[in-house]
């Protein structure tokens, strides 16, 4: 059990400064360095007299400097907003517009200018990190103050910033440290998920609370499978955290097994549905390891249900359960009118408890719609459909709206359409999910009616032109449809709306 | 079907685009393929052509255009 995330990490820096906190492809950093650098940054931020309470955007990749920056920011009493280097070019200015940050820290060089916000460049940060200061924490983020803000997609093209408080985070991390998950005492944990994706909290949160080591796997390595499989055995991981999509890539390599990776004892999955097939393959390759499936929206801090996928579970459930609810949380299953459904019936999941966010940053409208008072408590309307079995296990069963999960990313299809319809070559467009045999979205297909007087030599040229328009702006790369189908017109329902259901049926036929 | 036709048909299925006039198009730069797409490509090559491409041998720069993919597949036949 921890009571404070920041002092817990700092204590390792004091009591055992040579302990390894971070390993970037063999290059290591200690808890002592983490304390020194985050102290130096906190002192520097204090001197800058930034507006109190304003968050700080931190831009970078899978590096130690990112972790040290996050810690320095919260020590100085600010929340951080992580933005990954592989985001859309305009991601930082778009988020800045919503968040009104006090500062942007460019751990890596920004791809574009950010109007009206001061930026601390990488060389300045390096200079700050190299200073040796005695820092006394007096106003670090604590209690209900916001620790981090993760931006997700929003239906109007304006992203929503989910505010996670220190209390939310501690509640989540303590659950991960509990007997529900049998993490090793000295975790060496895969850090593959970008820090802008809250799945990453599942790796750094419990690992740093235990004084373990984060072992980074940057995107440049995972893109080249040859390098990936050369590096993996050298990482000596004992805890694996990823989306099911990523493990599916790894499972393709025959040498990805307990014989070659003997330390791997725990696998944690979140972010999308774990299929029985994937879990069974993994169990066969790592018979001694514990595999956990978890589920949770970003709004309730990473995950709120979890279950170990044992041989019995694999045998009894063709579609795997998402788990038992975290002890201090509640999940109520309700119908469209928010009335509780009879036990075992399907409905929307309302989630409540100490790891539920206070709401979206600077967005009272969206906050009021998603966080509601219900039966005397504040609950988060997840938009996820599911049901609870008699034994307490929850099962997931899709969405109430047009939100999809693809490769772990949460995507609002209406937002994809919003971007598509802004492209000058497009008269009208609708994006629909394509499902694979495991009922998981494997690609997005856009049906496009081209604008009049637009002419390209081929459909490929047209697709390239549309994609190039989309990548120019603030659309996240993972939101861009994989396939474009060109039509003279789109099917229309009797009510005069585009008949999305018939398109979904046709592309999945 | 020969290698070229099969590879183009697999790519067309994955990307939704006919690439026969764009044999030197960089599939990753254009966002036509990503990591999951490259996995699906290898799996399709295996199931349709019976050529097993070890995923641990995959170097992106050797597979980034239709022509390179065809050459790679031919070399493994």
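Readers should treat all values here as calculations from the given coordinates under stated rules, not as data from a laboratory. Here the structure is a predicted model, which means the values were calculated and not measured. Don't worry about glycine lacking a Cβ; one is built from the backbone with ideal geometry, like all the others, and counts go over all protein chains shown.
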Worksheet item: Hey, got the average number of other protein chain Cβ atoms within 10 angstrom for residues in A:248-257?
Response: 3
Worksheet entry | Length-normalised contact order for chain A - Cα pairs under 8 Å, 6+ apart - percent | 11 percent
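Quick one: work out the % antiparallel among DSSP beta bridges in segment A:31-166, nearest 5. Mind showing how you got there, number by number?
Details: 6 of 18 bridges.
In segment A:31-166, approximately 35 percent of DSSP beta bridges are antiparallel ones.
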Worksheet item: How many nm is it between the label spots at residue A:487 and residue B:71, if each spot is 7 Å from the Cα in line with the beta carbon?
Response: 4.0 nm
Fill in: Nitroxide proxy distance, nm - points 7 Å out along Cα→Cβ at residue A:397 and residue A:86
3.5 nm
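At 1.002 mPa s and 20 °C, plugging the Kirkwood radius over alpha-carbon pairs of segment A:418-474 into Stokes-Einstein gives what diffusion coefficient in µm²/s?
Numbers: Rh = 12.4 Å.
Approximately 172 µm²/s, per Stokes-Einstein.
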Worksheet item: In nm, to one decimal, how far is the modelled label at residue A:422 from the one at residue B:52, with both set 7 Å along Cα→Cβ?
Response: 4.8 nm
Worksheet item: Over all Cα pairs of chain B, how is the pair count split among 10 Å bins, expressed in % and running from 0 up to the last occupied bin?
Response: 19, 63, 18, 0
Worksheet item: Percent antiparallel among DSSP beta bridges with both residues in the protein assembly as shown, to the nearest 5?
Response: 60 percent
Worksheet item: Once Rh for segment A:56-116 is found with the Kirkwood sum over Cα pairs, what is the Stokes-Einstein diffusion coefficient at 25 °C and 0.890 mPa s, in µm²/s?
Response: 212 µm²/s
Discussion item. Counting only other chains, and only Cβ atoms inside 10 Å, what mean value do you get across the residues of B:51-59?
Written reply: 6
Worksheet item: Among A:2, B:45, what is the fewest-to-most ranking by other Cβ atoms within 10 Å?
Response: A:2, B:45
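Taking only the alpha-carbon atoms of segment A:157-208, what semi-axes of the equivalent ellipsoid follow from 5 times the gyration tensor eigenvalues under a square root, in whole Å, largest first? Write down the numbers at each step before the final one.
Details: eigenvalues 107, 42, 11 Å².
Equivalent-ellipsoid dimensions as semi-axes: 23, 15, 8 Å.
Would you mind giving the mean number of other chain beta-carbons within 10 Å of the Cβ of each residue in A:460-467, as a whole number?
Values: counts 12, 3, 1, 6, 6, 0, 0, 3.
Neighbouring Cβ atoms belonging to other protein chains average 4 per residue here.
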Worksheet item: Given the convex hull of the Cα atoms of segment A:95-231, what is a quarter of its surface area in nm²?
Response: 12.1 nm²
Worksheet item: Taking R0 as 41 Å, what's the FRET efficiency between residue A:318 and residue B:61 from their Cβ-Cβ distance, rounded to 0.05?
Response: 0.50
Worksheet entry | Relative contact order of segment A:70-222, pairs being alpha-carbon contacts under 8 Å that are 6 or more residues apart, as % | 21 percent
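Take the alpha-carbon positions of segment A:340-494, form their convex hull, and give its projected area averaged over all directions (one quarter of the hull surface) in nm².
Numbers: hull surface 52.6 nm².
The orientation-averaged projected area of the Cα hull of segment A:340-494 comes to 13.2 nm².
Find how much the distance from residue A:362 to residue A:465 grows on full extension, using 0.36 nm per residue of separation minus their present alpha carbon separation; answer in nm with one decimal. Write down the numbers at each step before the final one.
Working: separation 103, 0.36 × 103 = 37.08 nm, distance 3.49 nm.
Extending this stretch completely gives an extra 33.6 nm.
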Worksheet item: Taking the Cα atoms of segment A:225-357, what is the range of coordinates along each of the three principal axes, in descending order and whole Å?
Response: 53, 32, 24
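More than 16 Å apart: what percent of Cα pairs in segment A:403-507 qualify?
Details: 3098 of 5460 pairs.
Every Cα pair in segment A:403-507 considered, those over 16 Å come to 57 percent.
Could you work out the helix-only [θ] at 222 nm for chain A, with each DSSP H run of four or more residues adding -39,500 (n - 2.57) and the total divided by the number of residues, to the nearest 500 deg cm²/dmol?
Working: 16 runs with 153 residues, N = 509.
Dividing the helical sum by the residues of chain A leaves -8500 deg cm²/dmol.
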Item to complete: Specify the inter-centroid distance of segment A:362-421 and segment A:450-479, based on alpha-carbon positions, in whole Å.
Response: 30 Å
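Seen from all sides and averaged, what is the projected area of the convex hull of the Cα atoms in segment A:42-158, in nm²?
If you wrap the Cα atoms of segment A:42-158 in a convex hull and average its projections, you get 7.6 nm².
Could the peptides A:94-104, A:323-333, A:123-133 be put in order, highest first, of the mean number of other beta-carbon atoms found within 10 Å of their residues? Walk me through the numbers on the way to the answer.
Values: A:94-104: 20.7, A:323-333: 19.1, A:123-133: 14.0.
Highest-to-lowest ranking by the protection proxy: A:94-104, A:323-333, A:123-133.
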Discussion item. Once R0 is set to 30 Å, what does the formula 1/(1 + (r/R0)^6) return for the Cβ-Cβ distance between residue B:24 and residue A:454, expressed as a FRET efficiency to the nearest 0.05?
Written reply: 0.75
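Once you have the Kirkwood Rh of segment A:465-505 from its Cα pairs, apply Stokes-Einstein at 10 °C and 1.306 mPa s and quote D in µm²/s.
Numbers: Rh = 12.5 Å.
Value of D from the Cα-based Kirkwood radius: 128 µm²/s.
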Discussion item. If I stretch the segment between residue A:136 and residue A:19 completely, what's the gain in nm (0.36 nm per residue apart, minus their alpha carbon distance), one decimal?
Written reply: 39.9 nm
Item to complete: Largest first and to the nearest Å, give the Cα extent of segment A:329-399 along each principal axis.
Response: 39, 23, 23
Worksheet item: What FRET efficiency comes out for the pair residue A:258/residue A:472, r = Cβ-Cβ distance, R0 = 56 Å, nearest 0.05?
Response: 0.75
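Give me A:91, A:290 sorted ascending by neighbouring Cβ count inside 10 Å, so fewest comes first.
Working: A:91 25, A:290 17.
Fewest to most other Cβ atoms nearby, the residues stand as A:290, A:91.
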Practice prompt. Would you work out if the protein assembly as shown is rounded, prolate or oblate? Take a ≥ b ≥ c from the square roots of the eigenvalues of the alpha-carbon gyration tensor; rounded if a/c is under 1.5, else prolate when a/b is larger than b/c, oblate otherwise.
Written response: rounded
